[in-house]
Amino acid sequence: MKLPLAFLALIAVAALIGPALLPWSYDSIDWNAVRVAPLSPGHFFGTDSVGRDLLARTLTGTRITLAVAIAAASVSLLIGVAWGAIAGWTGGRIDEAMMRFVDALYALPFMFVVILLMVVFGRSILLVFVGIGAVEWLTMARVVRGQVITLKARPFILAAEAAGAPPSAIMIRHLLPNVAGVALAYLLLTVPQVVMIESFLSFLGLGVQEPLTSLGILVKEGADDMDIAPHALLLPGGVLVALLVSLTLIGERLRDRFSG
Amino acid sequence: MSVYQVAGLTVSIGGRQVVAGIDFSLEAGECVALVGASGSGKSQSCLAPFGISAGIAGGSAKLLGSELVGASEATRRGLRGRHVGFIFQQPMTALTPHLTIGRQLAEAWTQAGAAKPSHRALVEALGRVELPRAEELLDQYPHRLSGGQRQRVMIAAAIAHRPKLLVADEPTTALDAPLRRDVLALLSRLRREEGLALLLVSHDLAAVAEHADRTIVLNEGHMVGPEHPYTLALRAASPRLSDPAPDLPSPGGSLLQVSGVRVEFPRPGWRRGRFLAVDGASLDLAEGEGLALVGGSGSGKSTLARAIARLGPMQAGNVTFRGEPLPSRNAIRPQQRRFIQPVFQDPVASLDPKWQVADIIAEPLRHLTPDRDVRIEALLDEVGLGPEYASRRPAELSGGQAQRVAIARALVCDPQILLLDEATSALDVLVAGRILDLLAELQHRRRLAILFISHDLAVARRLCHRIAVMEEGRIVEEGPAEAIISAPRHPSTQRLVAATH
Amino acid sequence: MRALLLRRLATALPTLAIVLILSFLLMRLAPGGPFDGERPLDPATRAALTSAYGLDQPLPTQIAIYVGRIARGDFGPSLVYRDFTVTDLVAQGLPVSLTLGALAMLLALALGLGIGLLAAGRAGSRTDHALMLAMTLLTALPTFVTGPLLVLVFALLLGVLPVSGLESPRYLVLPVVALALPVAGAIAKLARAGLAEVLTQDHIRTARARGLAPWRVLVVHALRPALVPVASYAGPAAAGLLTGAVVIETVFALPGLGRYFVQGALNRDYPLVLAVVTIYAALIILFNLFADLLYGWLDPRARG
């Protein structure tokens, strides 16, 4: 748990303040150093095929990827918790209909829905995360619903009703605090999913647009050049994988703690 | 040679000793009962030597002369398979869900090396444990069977390979009262007929006393004698029908009138109709009076009580409190809920795990009254807890303490009626006894009317003047407690009385 | 069992209908049609094209025409690949994608279940921890990282396997491995967790008390219920393989359906994109049905 947390903190801090400390920005071109190897003077990670500093691009790319991921995961948190809590709390046919809807969406090919959205509404970064968030809430909704149903059957909810608490108060004072832990765990598990989708879209040329960059774009550029400059694939790829693994490990640990 | 001989047996779990030095021996056809409260080490001491619990056994335990303690897992596995049959507490989960009854019984039959049984042999094996329609059962999966049927299948499987020793770990605890008696009688009969040595584990001293040749009482891993205070407390803890009638406060004027209550639930799925849980039930309750709603699981007793307290649905019927009709669940105002407060079965699940005890108790107060802390402290004292409990969280409480907190919460707005929904049945025997004492004390001091939901007649009688017996959503018999117990008229009541000690 | 299947079918068909209608509406809402190229078309040509593709009819009519056509297996002409019908493109691409996906699924199942059983058999040991960490790593490795990495190592550095294209079965090895790895990781984790949980249940103690050999307890009494979470992953796994295939086909230049999809999406080729989404949705729904059948076998309580 400590190691992944440290990794995550390191990556986040570097992405946040790193770009400001570097002499190069993600789109500035050093004409004297096109496609140089890592550890070259002035270019710690080397440069890409048009002479842009890879460290600066990797840090900016991480920042964009993380920003999209956190925004999208938050959208999924909001929709998922609201949907799941309402379905679980209401129960009966409304619950059944709401969850059938979730089942139906589950059967949709996610990624293709997002791509459809991108194609239809154009490629904006806002749309990337709204779109991803809007399809990633399903798991959250299922988990929250399950949790609410379990909690609802606990007698302390009945005791609160006997104590005269109205449904809204029971929801806010009893249900949501008890759902929060699991929701947080799944939020953390959603973030890597979103990072993956964002990178994937960018890799296909449908996500973030040049010259702005993201980890997915960097990996794609690296992959195109890997026979002559493998570092351009390995460095951003390494950051991406470290990010995903850390988030997954932390999220799984929290999930096991809270849903037991 | 004894079938099973235990000398100086110890059991430790994770380095902590939970059983310290037990000795007994068991001959063919004999029954020894190990009795104690939960945590006394009774299950560990009978399972650990065989290597099927988390405990590690020390000392000596000899099965037909072969030492089990320290033997390799392969040796113990062989001895278990050939000579021992096991029955566990949870009939609902102890059978493998994806294998048919026939398949599991056949596996038990061949475990000691016997040839594959014929279909007929399996039918006969189920017949021996008094299971009718054995032909159909063989092809069923466990989830199609009732708890009692599953426990009989477990017994049939446990004796299918003709073991010398039968180990029964709380075989009846999870069953309804009438079933408990039948299963114990069945075990006794099999022991006689097959010459089995029976090692019976239970928390209920009186229930096993009539079946066992010797009873060993365990207290925190130590054997204690029959006159030890713990043994006496254990004996006194569970109320008996043979106890003298309890001293109850005399009832006052009429408080609550309930008539024609009907409760239906939709069956799961879209178009499966409705299921009638309570069918035209009527009752009344006076000040300071105790009324017990008694019945088996699924008889509708909890549903009726919750409908009355406006904590559950109700499709038809009237509830009046002191002559005023009580609004429906959705229309009732918080102040109108104060007169009847519930205490539920599972004490830990009754308290919000995120809240502190003080906030839990004060929840019904709604508005922060200036004397909040004083009242909380007084209530904690009234239910026998110190003021230091106010800042604890439910996870830091034992079952008994949690139930005391739940009772304090129920009392905080001075109700006239307590709804006790199996309030003691999830607790350990000794703890349950003390909670019953507390409730009796409160009943006297506060002149509380009590609506007591229970599956146990003897427990219900401790607090109740009258008993109403429910079956399939209807009240089938109602009357003064002593009359119901001494002269039950309805067959359902007769079964209940016969099954209670 | 049959009731369960009918119930599932009753959800599956409307789902498919919703997919069709929604994706069609979305594409129609799109700002900019397929003819908004760099060179504006003259109005007459435009009108002719529009009416030829039925784009001037009212929406419900368009949907009805579209659904009716699909029911006959006719996805209409491609707007970008002008000489081909969508059905032609699907007929070319689908077999490649299906072969890729099926092989990857088999590999993922074999690897995942094997490793899951191995780890659960030694629950708590170092082997267990190391294996599970490795599996987490696998699930976190995007196919577009593993794909190029595998090429780098096995094709460029070692030279034992071809880089890209599809000239012989050997060309499928790297794509299948790259596609299978994340799914294998997920299956291994699910199998390990499922088995670890089942092994603590009461019926396992009953089986052990019977003196059965450990392998018999594992295989006869524990395995089937432990695989329930794996079965419930079948739907997401299928979706994961299909999306993964899009990338893999791009990375390895395989002529599969995924590549057409990306091209179609980039070029706003409505009929092509709709056809692919429909086919993928149908495949995923089919997989979920299969998973439901599997449930019933794994756990009789689910037969309803």
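Counting only C-alpha contacts under 8 Å and six or more residues apart, can you give the relative contact order of chain B as a whole percent?
Numbers: 1013 pairs, mean separation 77.6, N = 501.
Across chain B, relative contact order equals 15 percent.
Is there a simple number for the mean count of other chain Cβ atoms within 10 Å of the Cβ of residues in A:217-227, and what is it? Average per residue, whole number: 3. Within straight-line reach of B:Lys354, meaning a Cα separation under 22 Å, sit the following lysines at least 8 residues removed in sequence or on another chain: A:Lys152. Dipole of chain C computed with +1 at Lys/Arg Cβ and -1 at Asp/Glu Cβ about the Cα centre; of C:Gly258, C:Leu166, C:Ala238, farthest Cα towards the positive end is C:Ala238.
The convex hull defined by the C-alpha atoms of the stretch C:86-302 has an orientation-averaged projected area of 13.9 nm².
A:Ser25 contributes an accessible area of around 50 Å² to the protein surface, as traced by a 1.4 Å probe with all chains present. Leaving ligands and nucleic acids aside, the B/C contact buries around 2200 square angstrom of accessible area in total at a 1.4 Å probe radius.
Give the relative contact order (percent, whole number) for the stretch B:321-465; include only Cα pairs under 8 Å separated by 6+ residues.
On the way: 189 pairs, mean separation 41.2, N = 145.
Answer for the stretch B:321-465 is 28 percent.
Between amide H atoms placed 1.01 Å from N, distances below 5 Å from B:Gly290 occur with B:Ile450, B:His465, B:Arg466, all of them 5 or more places distant or on a separate chain. Axis angle, to the nearest 10 degrees, between helix C:257-267 and the longest C-alpha principal axis of chain C: 40 degrees.
Sort A:239-245, B:180-186, C:192-198 for me by packing, meaning the mean count of neighbouring Cβ atoms within 10 Å per residue, highest on top. Let's see the in-between values first.
Numbers: A:239-245: 22.3, B:180-186: 18.4, C:192-198: 20.3.
Ranked by mean Cβ neighbours within 10 Å, highest first: A:239-245, C:192-198, B:180-186.
Using a Förster distance of 56 angstrom, determine the FRET efficiency expected from the C-beta separation of B:Arg144 and A:Leu212, and round it to 0.05. After rounding, the FRET efficiency stands at 0.35.
Take each peptide in A:130-137, A:72-79, count the other Cβ atoms within 10 Å of every residue, and average; sorted highest first, the result is A:130-137, A:72-79. The charge dipole of chain C, taken about its Cα centre with unit charges on the Cβ of Lys, Arg, Asp and Glu (plus for the first two, minus for the last two), comes to roughly 1320 debye.
Using the Karplus relation 6.51 cos²θ - 1.76 cosθ + 1.60 with θ = phi - 60°, the per-residue 3J(HN,Hα) values for the stretch B:132-137 come to x, 6, 4, 3, 6, 4 Hz, with x marking Gly and Pro.
Once the Cβ-Cβ distance of A:Leu16 and A:Ser74 is raised to the sixth power relative to R0 = 25 Å, the FRET efficiency obtained is 0.90.
A cut-off of 5 Å between modelled amide H atoms, ignoring neighbours fewer than 5 places along the same chain, links B:Ala277 with B:Val263, B:Glu264, B:Phe265. The label point for B:Phe265 and the one for B:Ser486, both projected 7 Å from the Cα toward the Cβ, are 3.9 nm apart.
Quick one: accessible area per residue over the stretch A:68-259, 1.4 Å probe, rounded to a whole number of Å²? Can you show the working numbers first?
Details: 6520 Å² over 192 residues.
Each residue of the stretch A:68-259 exposes 34 Å² on average to a 1.4 Å probe.
Which shape class applies to the stretch B:161-216: rounded if a/c is under 1.5, otherwise prolate when a/b exceeds b/c and oblate if not, where a ≥ b ≥ c are the square roots of the Cα gyration tensor eigenvalues? Prolate, because a/c is 1.5 or more and a/b exceeds b/c.
Find the eigenvalues of the gyration tensor of the Cα atoms of the stretch B:4-237, then list the square roots of 5 times those eigenvalues as equivalent ellipsoid semi-axes, largest first, in whole angstrom. Write out the running numbers ahead of the final one.
Working: eigenvalues 171, 86, 47 Å².
In descending order the semi-axes read 29, 21, 15 Å.
Could you state the angle between the C-alpha long axis of helix C:2-29 and the longest principal axis of the C-alpha atoms of chain C, as a value from 0 to 90 degrees rounded to the nearest 10? The angle comes out near 40 degrees. Remark: mean inter-chain Cβ contacts per residue of B:335-347 equal 3, using a 10 Å Cβ-Cβ cutoff to other protein chain atoms. Computed across the protein assembly as shown, the Kirkwood radius stands at 33.5 Å (inverse of mean 1/r, all Cα pairs).
Placing unit charges on the Cβ atoms of the charged side chains and taking the dipole of the stretch A:68-259 about its Cα centre, the candidate lying farthest along the positive direction among A:Val144, A:Leu254, A:Ile70 is A:Val144. Scattering from the C-alpha atoms of the stretch A:68-259 alone, worked out with Debye: what is log10 I(q)/I(0) at q = 0.09, 0.17 1/Å? With one equal scatterer per Cα and no solvent, log10 I(q)/I(0) is -0.41, -1.08. A dipole drawn for the stretch A:68-259 from +1 and -1 charges on Cβ atoms has a positive end, and of A:Leu206, A:Ile228, A:Tyr186 the residue lying farthest that way is A:Tyr186. Too long at a 26 Å Cα-Cα cut-off: which of B:Lys42/B:Lys62; A:Lys2/C:Lys189; B:Lys62/B:Lys116; B:Lys42/B:Lys164? Exceeds cut-off: B:Lys62/B:Lys116. A convex hull fitted around the alpha carbon atoms of the stretch B:413-501 yields 112 Å³ per residue.
Label-to-label distance, A:Ser168 versus B:Arg192, with points set 7 angstrom from Cα along the beta-carbon direction: 6.9 nm.
For chain B, the longest principal axis of the C-alpha atoms and the axis of helix B:177-194 are separated by about 10°. Residue ranges A:149-161, B:396-408 sort as B:396-408, A:149-161 when ordered by packing (mean number of other C-beta atoms within 10 Å per residue, highest first). For the peptide B:155-161, the mean number of other protein chain Cβ atoms found within 10 angstrom of a residue's Cβ is 1. Between amide H atoms placed 1.01 Å from N, distances below 5 Å from B:Val19 occur with B:Val11, all of them 5 or more places distant or on a separate chain. Surface burial for B against A, with a 1.4 Å probe and both sides summed, reaches about 2000 Å² of accessible area.
The mean sequence distance of close C-alpha pairs (under 8 Å, at least 6 residues apart), as a share of the length of the stretch C:173-274, puts its relative contact order at 28 percent. Globularity index of the stretch B:34-77 is 1.18 (Cα radius of gyration / 2.2 N^0.38 Å, N = number of residues).
Across the accessible surface of chain B, with the other protein chains kept in place and a 1.4 Å probe, carbon and sulfur atoms take up 50 percent. Taken one residue at a time, the phi angles of the stretch A:245-252 give Karplus couplings (6.51, -1.76, 1.60, θ = phi - 60°) of 5, 4, 4, 5, 4, 5, x, 5 Hz. Gly and Pro are set to x.
Determine the share of the stretch C:86-302's accessible area contributed by carbon and sulfur atoms, expressed in whole percent, with a 1.4 angstrom probe.
Values: 5650 of 8080 Å².
Carbon and sulfur together cover 70 percent of it.
C plus A alone minus the pair: what accessible area, both sides summed, probe 1.4 Å, in Å² to 100? Before the final figure, lay out the partial values.
Values: alone 16400 and 13080 Å², together 25990 Å².
Chains C and A together bury roughly 3500 Å² of accessible area.
Normalise the Cα radius of gyration of chain B by 2.2 N^0.38 Å (N = residues in it) and let me know the number.
Values: Rg = 25.1 Å, N = 501, 2.2 N^0.38 = 23.4 Å.
Compared with the compact-globule rule of thumb, chain B sits at 1.07.
Our coupling estimate for the stretch B:415-427, obtained by passing each phi through the Karplus curve with A = 6.51, B = -1.76, C = 1.60 and θ = phi - 60°, is x, 9, 10, 9, 9, 9, 9, 6, 5, 10, 7, 8, 8 Hz, Gly and Pro reported as x. Accessible area per residue for the stretch B:178-315, computed on protein heavy atoms with a 1.4 Å probe, is 44 Å².
Identify the residues of the stretch B:479-498 with backbone N under 19 Å of a label point that sits 7 angstrom from the Cα of B:Asp243 along the Cα-to-Cβ direction, or state none. Residues B:480-487, B:496-498 qualify, since their backbone N sits under 19 Å from the label point.
Within the shell defined by Cβ-Cβ distances under 14 Å, the residues around B:Ala233 carry a net charge of -3, with Lys and Arg each +1 and Asp and Glu each -1.
The values are calculated or read from the model by the stated rules, or taken from the named source; none is laboratory data. Quick caveat: nothing in here was measured; it's all calculated off a predicted structure. Cβ atoms come from the backbone with ideal geometry, glycine included; neighbour counts cover every protein chain shown. With ligands, DNA and RNA removed, areas are computed over all heavy atoms of the protein, side chains included. Shrake-Rupley method; radii C 1.70, N 1.55, O 1.52, S 1.80 Å.
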